[in-house]
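This report refers to the structure that appears directly beneath it.
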Amino acid sequence: MRTAWESIVPPAGLARGYREQGWWRDTTFSDDLRASAAESPDATALLTWRHRESRLVPLSFREFDARADAVAGALWDLGVRRGDVVAYQLPAWWETAVLMVACLRAGAVIAPMGMLFGPYETERVLAATGAVACVVPHEWDGVEHAQRLLEQSPRLPDLRHRIVIGDAAATNAVSLDHAFHGRHPAGGRPYDLAPVAADDVCALLMTSGTTSETQLVAHSANTLYGVPLRRAEPAPAQLPAITAGMSFIAGFLKALRTTSRLTPMLFSDSRDPGSWLDLIERTRVTELWTSPLILRTLSEEQRRRARDVSSLRSIHSFGAPLPQVLLSEVREGLCPVVLNVWGMTECANAIFTVPDDPPEQASRSFGRMGLGGEVRLEPAGRAHHGDVFRLHVRGPAVCLATVGRDSGQLRWSSFQDEGWLDTGDLVEPDGAGGLRFVGRVAERIGDIWRIPVADIEDVLLTHPDIDDVVLVPWPHADGRETACAVVISQTRLELQDVRDHVAGIGFHSSCLPTRIEHVTEFPRTELGKVRRKVLLDKLRERANGVAAAEAAAQPTTPATP
């Protein structure tokens, strides 16, 4: 697989143009860390909360730099060479950030895997990427990661090294504890390393796979850099935090960008809302980056037991649409300034709302494209309220290529369509120069008349008895594709009640659900996105089981003698 990743490069003209405009450069985050360690060695680069140990771990630029050097050398000693893939499945620990920079210095391609990935997903990622090494904790959240990797290894011929943080000896794995703490082996530096160049593939990130085949997204240091970062003295008492781990694009970027920012970033290995609110109160977090799902749990926990979160100056919601009802709760209980951010694994160049927008704009729009990015809208039909467009983006933060995880087929590259990437999102103008999310192409429901999925879900969330809801397509008896409302509720709801609630807002009858299903939970990704395909498969299986049971219960007609 190494040849495949090394063959993915940006078009020469594109790379030259982005450099001339100042969006791309010839250095990487590894160089940024080296400069920061020289200029501000004792400044804090990273703060990580270890929930199990109940302690906050600071990492200075000096420590960050030295440990990344030591781990890069240790990887070299293991035989990891330029273009080799190193995978990891790790919590939001400082070791994860160190490993990311170490791979840049060793010339390796990093492949993060989410902590919620099960054995099916991890094994396929390791096989698809041809990873020569994988770094996991001995155990985390009840999962024996080291043992699982040991059991998978006979089926992974490319995997030469199982590296375990914790008890490596228990599974006869490699421990790099000495290197992670900055201690070099007897030989010491320098190593004959071949660092990743700015335009080389340096990371293979995974799409969520919520609606289709999971893709490997090939990024370079430049596409992850995307928009120039200004090195400036931090504002007084400024502390941003992000609830996402370092395996997904948002957390991955935040971790890398700590190398050049003199303001530390706070991570936590816990998703518990009480733990997060305690951290915000204790450390005086000023800027929180999180998903709507986590925002909901934070809001509920704050109502249950209020903490002092007055230090928060802004909340940035990403990863999914932000419902109006949730926005109102968050503005009232957590922070009055809530911004919406659109981005995806393939494109870190976010579209976002800004503080000058009206307070409720975050629920109506995901804003305007950031510096350096371009938007192209292609007609995609009509919804109940007007024209809907398919969103294409282009810019310095768009990935180099995408590859099907299971098929191994190149799905898209920056050589195609003059660099325009089809996001798969359906949008419409928000009336203020920005864009409003309507739904995903793969989640479209309806035949000639498309149902505005995000709108209907938002309306259903205002129903007093619905805790959460997802719309999925369902075949109607007359052959049409209509909407099935899958709800989580404390009471058993009737379909007509749900239809009346939606109709009462003013939606056309074609948008109303024709079926209702009750579940106790949704299958989700680590960012909280509902895995709609998995949900729909389970509903179909349940419906087929009910139909079979009903057919079996029907009395049989005796045969005519």
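So here's what we get for this one:
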| read-out | value |
| --- | --- |
| Positive-end residue, region 445-546 charge dipole about Cα centroid, Cβ charges, pick of H508, T491, V453 | V453 |
| Cleavage-rule hits (trypsin sites (Lys or Arg not before Pro)) in region 248-302: DSSP loop, at most 16 neighbouring Cβ within 10 angstrom | R284 |
| Relative compactness, region 445-546, computed as alpha-carbon Rg over 2.2 N^0.38 Å | 1.02 |
| Principal-axis tilt of helix 119-129 within the chain, Cα atoms, nearest 10 degrees | 50 |
| Cα-based helix-to-principal-axis angle, 495-505 vs the chain, degrees rounded to 10 | 80 |
| Size of charge dipole - region 1-64 - debye, nearest 20, with Cβ of Lys, Arg +1 and Asp, Glu -1, no other charges | 240 |
| Length-normalised contact order for region 445-546 - Cα pairs under 8 Å, 6+ apart - percent | 23 |
| Distance between region 316-395 and region 80-126 - C-alpha centres, whole angstrom | 30 |
| C-alpha center-to-center spacing [region 2-76, region 144-173] in angstrom | 26 |
| Net charge of neighbours whose Cβ lies under 11 Å from the Cβ of R155, counting Lys and Arg as +1 and Asp and Glu as -1 | -2 |
| GluC sites (Glu not before Pro) restricted to region 8-78 and DSSP loop, no more than 16 other C-beta within 10 Å | E53 |
| Translational diffusion coefficient (Stokes-Einstein; Kirkwood radius from C-alpha pairs) of the chain at 10 °C, 1.306 mPa s, in µm²/s | 64 |
| Contact order relative to length of the chain, as percent, for alpha carbon pairs under 8 angstrom and 6 or more apart | 12 |
| HN-Hα J in Hz across region 168-182 - Karplus 6.51, -1.76, 1.60, θ = phi - 60°, x for Gly and Pro | 6, 5, 4, 10, 6, 9, 8, 10, 10, 4, 4, 6, 4, 9, x |
| Label-to-label distance, nm, for residues given as F415 and V534 (7 Å Cα→Cβ offset) | 3.5 |
| Share antiparallel - DSSP beta bridges, the chain, percent rounded to 5 | 60 |
| Rough spin-label spacing in nm, given labels placed 7 Å along Cα→Cβ, for A237 and R160 | 5.3 |
| Between 0 and 90°, nearest 10: helix 324-333 axis offset from the chain longest Cα axis | 50 |
| Positive-end extreme of charge dipole, the chain - chosen from S299, T286, T96 (charges on Cβ) | T96 |
| Net length gained if the chain between S314 and A35 were fully extended (0.36 nm per residue, minus Cα distance) | 97.5 nm |
| Nitroxide proxy distance, nm - points 7 Å out along Cα→Cβ at L56 and T27 | 3.0 |
| Estimated Rh, region 95-153: Kirkwood, alpha-carbon pairs, angstrom | 12.3 |
| Rg and Dmax [Cα atoms of region 104-197; Å; Rg one decimal, Dmax integer] | 14.2, 40 |
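We did not get these values from a lab; they are worked out from the coordinates using the rules stated. On a predicted model such as this, the values are computed, not experimentally measured, just so you know. Virtual Cβ from ideal backbone geometry, glycine too; neighbours counted across all protein chains shown.
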